[in-house]
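First up is the structure itself, then whatever we jot down about it.
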Amino acid sequence: MRSTVTSDNARLSHQGRVDHCHIWSSSIHFYRVSIGANAAFLALFSISLLAYILTYTLTRRATAFTVSMLSGVILEVQGYAGRIMIWKNQWDNNGFLMQVVCLTFMAGGIYLIAPESYTRIFIPCDLGSLLLQAAGGGIASAASHSGKNPNTGDNIMIAGLSIQVVTLLIFMILCVDFALRSYKRYRSMGEDAFDQNPIFVQTRGSLRFKGFVGTLTLATICIFWRSVYRVAELSEGWTGNLIRHQWLFVGFEGIMVIVTCLALNVFNPVFAVKEAMTGFGGLRSKRKLRKQEHREEQEKSTGITGENSRIKSASAMEHAAAA
């Protein structure tokens with residue numbers, strides 16, 4: 001009798017697991033969304049968001065970089081809030097839409113740190129890729145809700161992500177080329193190979209600048225890795241193999257992006273290269289530099305004129321006293 005009860009309990013337990021697997025396999029993500037992982041990402045991105053806001057509030061510098069990073073982090077917070085909604089209800093379309101419309105603006109933040117010529121080339125490319133991703137996501141979502149084939153929207157999203165991957169790849173190749181050329185120039189010329197402005201000399205030798213260069217490299221690789229994964233994932237469609245594995249999403253999406261955000265929180269260019277945040281780098285840097293040089297020349301000229309006036313006044317007073 002006991003063995004029969006035990007057998008029945010085992011059968012019911014197995015049946016329960018099978019039923020749960022069947023339910024999850026028919027849900028939006030084809031698996032039970034992890035509340036632990038997504039709550040952790042939501043908390044970490046919220047901390048990163050507050051850190052960027054606090055940094056800008058205290059410094060009022062690197063506005064374009066901060067706006068780019070804030071835009072990305074806010075969307076990440078929204079996306080993980082949507083995934084938690086899906087954890088509560090595996091068929092919650094609102095939560096799914098909150099996740100789908102999330103775009104990664106962090107690449108734009110990286111491009112803004114680069115020299116002006118890089119910014120002018122890569123920012124429009126990144127913006128174009130983001131617009132394609134947003135448009136594709138909207139079209140695919142609308143098609144799915146109306147019972148139509150979402151392939152058109154999916155293909156547009158894949159095109160946007162592919163442009164982002166190619167743009168990042170070209171950016172990395174140019175950065176490696178610049179690094180190699182700089183190294184060769186340094187080996188042949190020594191310190192004379194670089195700008196000898198005392199401020200820049202001090203910045204280049206600081207640990208915070210070296211840490212910032214390492215962070216920028218890490219962030220670029222992470223965003224590139226994430227984008228490649230997303231292209232591969234979406235290329236299989238919303239019912240493909242890659243999209244069914246939560247650990248791939250956590251490892252190649254969540255971890256890659258949060259590492260980028262937190263690393264740039266710690267080595268924020270406002271602190272790491274604060275001398276460069278007073279008018280050098282990014283858009284309109286040459287114009288800002290010319291204005292600053294003109295202002296310094298005016299101040300110098302005014303100082304000389306003022307000194308000449310004081311000398312003439314002193315001379316006149318001496319002549320008056322002698323008379």
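Derivation of every value follows stated rules applied to the coordinates shown; laboratory data play no part. Note that this is a predicted model, so its numbers are computed, not measured. Quick reminder, even Gly has a Cβ in these numbers, built from the backbone with ideal geometry, and neighbours come from all protein chains shown.
For the reader, a short list of remarks on this structure follows.
- At R0 = 41 Å, FRET efficiency that the Cβ-Cβ distance of Arg120 and Ser206 yields, to 0.05: 0.90
- Distance violations [Cα-Cα > 29 Å] among Lys210/Lys300; Lys184/Lys300; Lys88/Lys148: Lys210/Lys300; Lys184/Lys300
- Cα shape, segment 46-190, gyration tensor, a/c 1.5 rule: oblate
- Cβ crowding within 10 Å averaged over residues, with 202-213, 42-53 ranked highest first: 42-53, 202-213
- Gyration tensor (alpha-carbon) shape descriptor, segment 19-291, a/c threshold 1.5: prolate
- Spin-label model distance (nm) - Ile255 vs Thr63, 7 Å beyond Cα toward Cβ: 3.9 nm
- Additional length obtainable on full extension of the chain from Asp195 to Asn149, 0.36 nm per residue less Cα span: 10.8 nm
- Ranked by how many other beta carbons lie within 10 Å on average, peptides 86-94, 70-78 from highest: 70-78, 86-94
- Label reach from Ile173 (point 7 Å along Cα→C-beta): in segment 214-243, amide nitrogens under 17 Å belong to 221, 224-225, 228.
- Point-to-point label distance, Ser301-Leu131, nm (Cα→Cβ direction, 7 Å offset): 4.3 nm
- Each of the peptides 96-104, 189-197 was scored by the mean count of other Cβ atoms within 10 Å over its residues; in descending order, highest first, they stand as 96-104, 189-197.
- Once the chain from Arg32 to Phe271 is taken as fully extended at 0.36 nm per residue, the excess over their C-alpha distance is 81.9 nm.
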